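What follows is one structure encoded as structure tokens, with my remarks underneath.
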Amino acid sequence: NLNRLKNTIASALLGYQGEGLTVEHRDGKLYVSLENSLLFASGSWTVNKNGQEAMNKLSKVLAQQESLEITVEGHTDNVPYVGSGFVKDNWDLSVLRATAIVRILTKNKGLSSKIITASAKGPFRLILENNTPENMAANRRIEIILSPNIDKLMELLEMY
């Protein structure tokens, strides 16, 4: 039940709410959204200590669930990435951030890598207009989308 899972995740991550973390149920899926300031330094894809602790707590909750598909989406604002090296733009930055989160989650042996997908949206799925520093901060986020596994759900339905 996604509502029960929402409450469990909210309890596990209680200390991070109001600090850029939201958990909401919409369109039959559960969205755990974390502003990048909770997880990364500006322009970085290395997860900070606070972010690692939050992801370890989340992985423990997710490892206890059955029949979930998990997508980790990296999002940026629309300010062009400025840096040197192999990261060329916000697309690159958003995918590196998503895979960094996936790597932490999958350190939990109870959470199968087969059910997790890393995805990069770059600056193309803004939730707010990029017209204030606060809105831009909200747009820079990781969204962890939890979906019921339809195949498993169909198997259960066929049993009845």
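Return the only residue of 111, 96 being open to solvent by less than 20 Å² (accessible area, probe 1.4 Å) and of a type in the set (A, V, I, L, M). None of the other options fit; the residue is 111. Residue 43 meets all of the listed conditions (1) touching a residue at least 24 places away in the same chain (Cβ under 8 Å); (2) surrounded by 14 or more Cβ atoms within 10 Å (Cβ to Cβ) but one, namely (2).
Every residue, every condition in (1) part of a loop (DSSP other than H, G, I, E, B); (2) more than 12 Å from the chain's Cα centre (by Cα); (3) of a type in the set (A, V, I, L, M), yes or no:
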position: 85; (1), (2), (3): yes, yes, no
position: 88; (1), (2), (3): yes, yes, no
position: 91; (1), (2), (3): no, yes, no
position: 100; (1), (2), (3): no, no, yes
position: 138; (1), (2), (3): no, yes, yes
position: 142; (1), (2), (3): no, no, yes
position: 147; (1), (2), (3): no, yes, no
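Scanning the stretch 78-109 for residues that are at pLDDT 95 or above, out of contact with any strand residue (DSSP E or B) (no Cβ under 9 Å at 6 or more places or on another chain) and not basic (Lys, Arg) gives a single hit, 108.
What residue, among those in the stretch 47-83 that are among the polar types (S, T, N, Q) and closer than 23 Å to residue 130 by Cβ, is nearest to the chain's Cα centre (by Cα)?
For the stretch 47-83, the residue satisfying everything is 76.
Filtered by the rule that a residue be open to solvent by 30 Å² or more (accessible area, probe 1.4 Å) and of a type in the set (Gly, Ala, Ser), the stretch 114-128 gives a lone residue, 118. Residue 72 passes every criterion in (1) open to solvent by 70 Å² or more (accessible area, probe 1.4 Å); (2) touching a residue at least 60 places away in the same chain (Cβ under 8 Å) apart from (1). Taking every residue in the stretch 119-140 that is of a type in the set (Gly, Ala, Ser) and pairing it with any residue that is exposed (fewer than 12 other Cβ atoms within 10 Å of the Cβ), at least 6 positions away or on another chain, the pairs with Cβ-Cβ distances below 8 Å are 138/127. With respect to the conditions (1) in contact with a strand residue (DSSP E or B) (Cβ under 8 Å, 6 or more places away or on another chain); (2) open to solvent by 30 Å² or more (accessible area, probe 1.4 Å); (3) in a helix (DSSP H, G or I), residue 22 lacks only one, and its number is (3).
The values are calculated or read from the model by the stated rules, or taken from the named source; none is laboratory data. Since the structure is predicted, the reported quantities are computational estimates derived from the model, not experimental observations. So basically every Cβ, Gly included, is an ideal-geometry build from the backbone, and we count neighbours across all protein chains shown. In case anyone asks, the SASA skips ligands and DNA or RNA and just uses the protein heavy atoms, side chains included. Shrake-Rupley method; radii C 1.70, N 1.55, O 1.52, S 1.80 Å.
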